[in-house]
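Below is one structure, written out as structure tokens; the observations come after it.
The values are calculated or read from the model by the stated rules, or taken from the named source; none is laboratory data. This one's a predicted model, so the numbers in the text were calculated from it and none came from an experiment. Cβ: placed from backbone, ideal geometry, glycine included. Neighbour counts: every protein chain shown. For accessibility, only protein heavy atoms count, side chains too; no ligands or nucleic acids. Shrake-Rupley method; radii C 1.70, N 1.55, O 1.52, S 1.80 Å.
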Amino acid sequence: MEITALKGVGEKTAGLFGKLHISTAEELVHYYPRDYDYFTVPTVLEEADLEGVVAVLGRIRGNIATRHVRGLSITSFEVSCAGGSILHMTYFNMPYLKNSLKRDVQYIFRGSLQKKGNRYVMEQAKTYKPEEYGKLAGCMMPMYPTTKGLSNNTITKAVKQAIGVVDLSADYLPAHIRDNEGFVTRREAICQIHFPDSKETLVKARERMVFDEFLLFILMVRRMRDANQKTVNQYPMIEVAETKRLIETLPYRLTKAQQKVWKEICTDLSSDHAMNRLIQGDVGSGKTILAFLSLIMCVANGYQSAMMAPTEVLAAQHYEALLQLQKQYGLDIRPVLLTGSVSAREKREIYRQIESGEANVILGTHALIQERVAYRNLALVVTDEQHRFGVKQRESLAHKGNQVHVLVMSATPIPRTLAIILYGDLHISVLDELPANRLPIKNCVVDTSYRETAYRFIEKEVALGHQVYIICPMVEEGETDELENVISYTAKLKSVLDASIQIASLHGRMKPAQKNQVMEAFAARQIDVLVSTTVIEVGINVPNATVMMVENAERFGLAQLHQLRGRVGRGEAQSYCIFVSKSQRQETMSRLKILNESNDGFYIASQDLKLRGPGDMFGIRQSGDLHFALGDIYQDAAILQRASEWAEQILGSPEALAGEEYCLLLRQLDDMMALDGAGSVIAL
């Protein structure tokens, strides 16, 4: 059913839904909330929780004042609460409040409460009339990812309608698995995911849907593994003098881990079966030089090789680095760069060079898998940060050749037990050693009172010619009230940092061309401080950046914080990472301080696995980059393990698999395998 069949969704609104890749009611049903807004009853100020969002009843006393600081308007006033306590309110760029709010009128103020000395403070709180708030109290309101012009309220209304008209009666999970695991039905799970009756029903619904995601993904990966094991090596290679000479003349020695993995790659390329290998290693562990050596070895054996990166900026950086190697060491390679922003005329020439074999190393982004790209004799495909593409995109590039060798790289620190499940179609190599000349990053975990000190430190680093990343979990105000957002934070920084400092923002809602422009400007040192969401987690290499400051660090998993930290420490200067937590609970601070203890991503990932559990389901998701709509491999590790066990049981009994009980599951799996390379697991 087209989404325009829903009441209130005209062509204009349908166009906005289209930006979220939603065109039908069925797709809308599977567009899940990213969080929930739980409206608690108003609390007394002295008894309020300082860790989350709270609601406080009070009257505005005195005047509402607005002042201007460097183009930023700051509105402030005081609220008298029960028992005579005073709440100090501050709003940025909301001068209209001076006219809309009235003195001596009772309001409910809802937001993140802080205590600074003896003062209770709220910033950017939402304001409600008591009768208005009474209708919301006790509700869990879904919070969906939005786009400009499409509000959360509009999406919520449309989802309610869609659930009423889409047939959700079919349940492809066999009854004996549902009963054994104690799962709710698929229909109930979908309804409760969107509009939960309670936190308990939400947990049950989410567990069912996450299990489905993992099970189908694992079954797909196992099918691919079985096919790959039968793939004969169509492009047998021998070790060549070019790579040996390059290794000997590099200005550094390969680490023992790099030497071991390079030997595994060489063995794969000369074996009877096509290579299908994953290299896992921390940022800075030396994956890229191994990829370059593989590309060079392939060319020296008379074939073409290709390397796909997740962003244009990173693809261009790889291209420049390879050109530098070519020039410095006289390598006989002819690389080209193919990205979406290349002009039509340039693309035609690059296509010609690729098809004729004139270009023998092709670097780029998704443009490498476009239909018009025809390779002469592609033998090796390398994907950088492979989890950013998804299984189908990796396959799409591999199918550009005839059963080519595949080498994938990932800086996501996933414990080996989980990696074997998630990357079951690949042989796994681990780079667990960093080059000796790397300066370890200095880390600190602090509360929000440290911000002013951090700002002064940032000014000092910028004055030394360095650059800074600041990470916020949200894009804009109103998504989740207690979390810092990129838009407001950027405006605030412009008022508190030295006016000479160039500040810019970056987030996933920007158009690709805009994102590339900002990342290129940052790489070119035209931006001093970049305020970003986790979109910066991968895709840019700026050795000049020395400071990473993460706001609301308590809401991220340790493994993702470690990966964010990997954006700095890439140059010769000392680098620093500041984790700012709004929570001062002992267990929260202890968890974050694990980042102080180690810069080893695999150790941190293993600790993350121990510490994150089902109750921690409202944090910032970190394995969304593995293309699961709901699942998080750390938080849901136990579900992942159970799904893996069921997958093995299902595939181990072909007779049962041929029965009617598995008919719907296999049909769903076939649909998933038939995806056209969109790079995400099919909606469940």
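Has the stretch 327-340 got any residue that is among the aromatic types (Phe, Trp, Tyr), open to solvent by 10 Å² or more (accessible area, probe 1.4 Å), in a helix (DSSP H, G or I) and touching a Pro at 6+ places or on another chain (Cβ under 7 Å)? No; the residues of the stretch 327-340 include none that is among the aromatic types (Phe, Trp, Tyr), open to solvent by 10 Å² or more (accessible area, probe 1.4 Å), in a helix (DSSP H, G or I) and touching a Pro at 6+ places or on another chain (Cβ under 7 Å).
When every residue of the stretch 268-283 is checked against the conditions, none turns out to be without any contact (Cβ under 8 Å) to a residue 12 or more places away in the chain, open to solvent by 10 Å² or more (accessible area, probe 1.4 Å) and within 29 Å of Leu434 (Cβ to Cβ). Would you check if Asn552 is under 22 Å from Arg34 (Cα atoms) and in contact with a Lys or Arg (Cβ under 8 Å, 6 or more places away or on another chain)? Taking the combined requirement at face value, the residue satisfies it.
Filter the stretch 263-291 down to the residues that are in a helix (DSSP H, G or I) and either under 29 Å from the mean Cα position of the chain (by Cα) or closer than 25 Å to Val221 by Cα (or both) and list them by number.
Listed by number, the residues that qualify are Glu264, Ile265, Cys266, Thr267, Asp268, Leu269, Lys287, Thr288, Ile289, Leu290, Ala291.
Name the pairs: first residue in the stretch 187-210 and farther than 17 Å from Asp37 by Cβ, second residue of a type in the set (Lys, Arg) and part of a helix (DSSP H, G or I), Cβ to Cβ under 6 Å, at least 6 apart or on different chains? If the second residue must be of a type in the set (Lys, Arg) and part of a helix (DSSP H, G or I), the pairs left are Ala189/Arg208.
Kindly indicate whether Lys347 is closer than 27 Å to Leu426 by Cβ, open to solvent by 20 Å² or more (accessible area, probe 1.4 Å) and charged (D, E, K, R). So Lys347 fails the test. Any chance the stretch 114-130 includes a residue that's open to solvent by less than 10 Å² (accessible area, probe 1.4 Å) and either under 15 Å from Tyr32 (Cα atoms) or in a helix (DSSP H, G or I) (or both)? No; the residues of the stretch 114-130 include none that is open to solvent by less than 10 Å² (accessible area, probe 1.4 Å) and either under 15 Å from Tyr32 (Cα atoms) or in a helix (DSSP H, G or I) (or both).
Restricting Val184, Val203 to residues that are among the aliphatic types (A, V, I, L, M), touching a Lys or Arg at 6+ places or on another chain (Cβ under 6 Å) and open to solvent by 20 Å² or more (accessible area, probe 1.4 Å) narrows the list to Val184. Taking the stated definitions as given, is Ser294 hydroxyl-bearing (Ser, Thr, Tyr) and buried (at least 24 other Cβ atoms within 10 Å of the Cβ)? The answer is yes for Ser294.
Every residue, every condition in (1) more than 30 Å from Ile86 (Cα to Cα); (2) modelled with pLDDT of 85 or more; (3) within 21 Å of the chain's Cα centre (by Cα); (4) among the charged types (D, E, K, R), yes or no:
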| position | (1), (2), (3), (4) |
| --- | --- |
| Met1 | yes, yes, no, no |
| Glu11 | yes, yes, no, yes |
| Ala14 | yes, yes, no, no |
| Phe17 | yes, yes, no, no |
| His30 | yes, yes, yes, no |
| Arg34 | yes, no, yes, yes |
| Asp37 | no, no, no, yes |
| Thr40 | no, no, no, no |
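Taken residue by residue, the stretch 108-119 has at least one member that is touching a residue at least 24 places away in the same chain (Cβ under 8 Å) and of a type in the set (Ser, Thr, Tyr). Keeping to the stretch 19-73, report how many residues are among the polar types (S, T, N, Q) and part of a strand (DSSP E or B). So the answer is 4. Hey, any hits in the stretch 159-173 for a residue that's part of a loop (DSSP other than H, G, I, E, B), buried (at least 16 other Cβ atoms within 10 Å of the Cβ) and among the charged types (D, E, K, R)? Taking every residue of the stretch 159-173 in turn, at least one turns out to be part of a loop (DSSP other than H, G, I, E, B), buried (at least 16 other Cβ atoms within 10 Å of the Cβ) and among the charged types (D, E, K, R). Just name the residue that is farthest from Lys582 (Cα to Cα) out of those in the stretch 45-77 that are open to solvent by 60 Å² or more (accessible area, probe 1.4 Å) and without any contact (Cβ under 8 Å) to a residue 60 or more places away in the chain. Among them, the one singled out is Asn63. Going residue by residue through the stretch 650-664, is there one that turns out to be open to solvent by 60 Å² or more (accessible area, probe 1.4 Å), within 25 Å of Asp35 (Cα to Cα) and either modelled with pLDDT under 85 or among the charged types (D, E, K, R) (or both)? No, every residue in the stretch 650-664 fails to be open to solvent by 60 Å² or more (accessible area, probe 1.4 Å), within 25 Å of Asp35 (Cα to Cα) and either modelled with pLDDT under 85 or among the charged types (D, E, K, R) (or both). Residue selection: Asp167 fails the criterion of being free of Cβ contacts under 8 Å to residues at least 40 places away in the same chain and farther than 27 Å from Met1 by Cα.
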